[in-house]
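What follows is calculated from the coordinates using simple rules that are stated; it is not laboratory data. Given the structure is predicted, the values throughout are model-derived calculations rather than measurements. Using ideal geometry, Cβ is built from the backbone for each residue, glycine included, and neighbour counts are taken over all protein chains shown.
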Amino acid sequence: MLASMEKLTSGAIKLGFPLSSGQLEQFSIYYRELTTWNKRINLTRITNPQEVPVKHFLDSLTITLAFSRPLPDTGLRVIDVGSGAGLPGIPLKLLLPGIRLVLLEATRKKAAFLEHIRDRLGLENTEIVIGRAETVGHDSRYREAFDLVLSRAVARLPALVELTLPFCAIGGRFIAQKKGAITREIDEAAGAIKSLGGSLREIKRVELEELGDERYLIVIDKVAPTAGTYPRRPGIPVKRPLT
């Protein structure tokens, strides 16, 4: 087990979740597989054993700050849009193994890693979907089918809400992880959030000394259906975001 998991352990305790030895071993396996695969395909620029447990794993777990307590687990339907290396979806699954998780990734090579790490970690009720959010968002199997929609480092918020809110069931929630100055980005997204059936619930600052920089959770409730015209065709939400 990595010695650098100490900060992950201490940070998780501050979040209210003491990690078991079994969970820490899973995170160690995840780290080893991530860095091994990263030599062949570009999964992440962060590979340092001192940084991955904090900047990837612990950062992913901070989404729990937007949950009510006790945390929902069994049966919670979750989709990670633009999952990449499985962040934040897989760390959340390791914390809450009872969730039903979909990892959506457009790049086949990255999806192959997700399939590998799912099987390596023995993650049940975890589906890998290969495709773009603009296309999969119109698929009846996934449209407005999730209690929780997650996304990390995918796009600016005005475009991101169009890529994510169509997956969110009415009464569900979308959580975007953001860093740095976000006021302008949130202001620019106000019209898009409303047009897509969302309502801004909360902007929550993440305050963990282990992370050491300015991070936020943008929490959006799904309060009305998303019009069938959204998301628009691939590439358009980013090129011409709703305002």
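Structure values in brief
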item: DSSP-assigned coil residues among trypsin sites (Lys or Arg not before Pro) in segment 103-192, each with at most 14 further Cβ atoms within 10 Å; result: ARG141
item: Kirkwood hydrodynamic radius of the chain, Cα pairs, Å; result: 18.0
item: Residue order, fewest to most surrounding Cβ atoms within 10 angstrom, among ASP221, ASP80, ASP187; result: ASP187, ASP221, ASP80
item: HN-Hα J in Hz across segment 188-199 - Karplus 6.51, -1.76, 1.60, θ = phi - 60°, x for Gly and Pro; result: 5, 8, 4, x, 5, 4, 5, 4, 9, x, x, 9
item: Lysines whose Cα lies under 24 Å from that of LYS194, excluding same-chain neighbours fewer than 8 positions away; result: LYS178, LYS179, LYS204, LYS222, LYS239
item: Folded to 0 to 90 degrees: helix 21-38 orientation relative to the chain principal axis, Cα; result: 70
item: Whole-number percent relative contact order across the chain, with pairs defined as alpha carbons under 8 Å at least 6 apart; result: 17
item: Exposed-site-free run, longest, the chain (rule: GluC sites (Glu not before Pro); DSSP loop; at most 15 other C-beta within 10 Å); result: 125-206
item: For segment 109-120, Karplus couplings with θ = phi - 60° (6.51, -1.76, 1.60), whole Hz, Gly/Pro x; result: 5, 5, 4, 5, 5, 4, 5, 5, 6, 4, 5, 5
item: Fewest-first ranking of SER199, SER140, using other Cβ atoms within 10 Å as the exposure measure; result: SER140, SER199
